[in-house]
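Structure, as structure tokens:
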Amino acid sequence: FIDEAYSLDGGQYGKEACEALVAAMTSKDFSDVLIIIAGYSSEINKMLGSNSGLKSRFTTFFEFPDWEVDDCLAFFSMCAEKERFAVDTDALDEIRDGCQRLKQLKGWGNGRDVKHLFTQSKENRAERVYKDFEP
């Protein structure tokens, strides 16, 4: 499994890495090996286009569409529920607005960014609780 495989398209060793992948994929010694690459579609297509032997050897593709804002809210709510946090309706409205704006940005990471938002929210809550604590 090669995550962010598009990073193989360039750099000092990128061409060499792609050539090594092609060699492995055509070698009888590795005939029982499955290679999975992952990354943003446009960057993966560019990387595959950099080596004709490489592109012809990846024959099955799964595209995962970006999440809609409601998917982000559902995931945030699920994370909160799993850790026994209640999320105020006004907070969900703010999260909805924020996700709507963030979704427009290149590089929006869907679940990864929503998970980061949830973690940051817990940290902010902990700081508020600590600040308001009176022994």
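The values are calculated or read from the model by the stated rules, or taken from the named source; none is laboratory data. A quick note: this is a predicted structure, and the numbers were derived from the prediction, not measured. So basically every Cβ, Gly included, is an ideal-geometry build from the backbone, and we count neighbours across all protein chains shown. Just the protein is used for accessible areas: all its heavy atoms, side chains included, with ligands, DNA and RNA removed. Shrake-Rupley method; radii C 1.70, N 1.55, O 1.52, S 1.80 Å.
Share of carbon and sulfur in the accessible area of region 42-135 stands at 52%, probe radius 1.4 Å. Taken over region 1-127, lysine pairs spaced eight or more positions apart, or on distinct chains, with alpha carbons under 15 Å apart number 6. Given 10 °C and 1.306 mPa s, how large is the Stokes-Einstein diffusion coefficient of region 46-87 in µm²/s, with Rh as the Kirkwood radius over Cα pairs? In µm²/s, the coefficient rounds to 116. Magnitude of the charge dipole for region 1-44, about its Cα centre and with charges confined to Cβ atoms of Lys, Arg (+1) and Asp, Glu (-1), is about 120 debye.
A 1.4 Å probe run over region 1-120, with the rest of the protein chains in place, finds 73 Å² accessible per residue. The candidate values are [x] 41, 34, 30; [y] 68, 32, 29; [z] 93, 36, 16; the one derived from this structure for Cα extents along the principal axes in Å carries the label [y]. With helices as the sole contributors, the chain gives -17500 deg cm²/dmol at 222 nm; each DSSP H run of n ≥ 4 counts as -39500 (n - 2.57), and the sum is divided by every residue.
The slack in the chain from residue 40 to residue 97, taken as 0.36 nm per residue of separation less the alpha-carbon distance, amounts to 18.1 nm.
Simple point charges give the picture: +1 on the Cβ of Lys and Arg, -1 on the Cβ of Asp and Glu, and for region 26-84 a dipole about the Cα centre of about 420 debye.
Think of the chain as having a plus end and a minus end, set by charges on the Cβ of Lys, Arg, Asp and Glu; of 6, 56, 95, 56 sits farthest toward the positive end of this dipole. With 5 Å bins beginning at zero, the pair-distance distribution over Cα atoms of region 81-124 amounts to 5, 19, 28, 29, 14, 4, 1 %.
Residue order by solvent-accessible surface for 130, 13 is 130, 13, largest first, with ligands and nucleic acids left out and a 1.4 Å probe. Dipole magnitude for region 1-126: computed about the Cα centre from +1 point charges on Lys and Arg Cβ and -1 point charges on Asp and Glu Cβ, it is near 320 debye. The candidates 134, 16, arranged from most to least accessible area with a 1.4 Å probe in the full protein assembly, appear as 134, 16.
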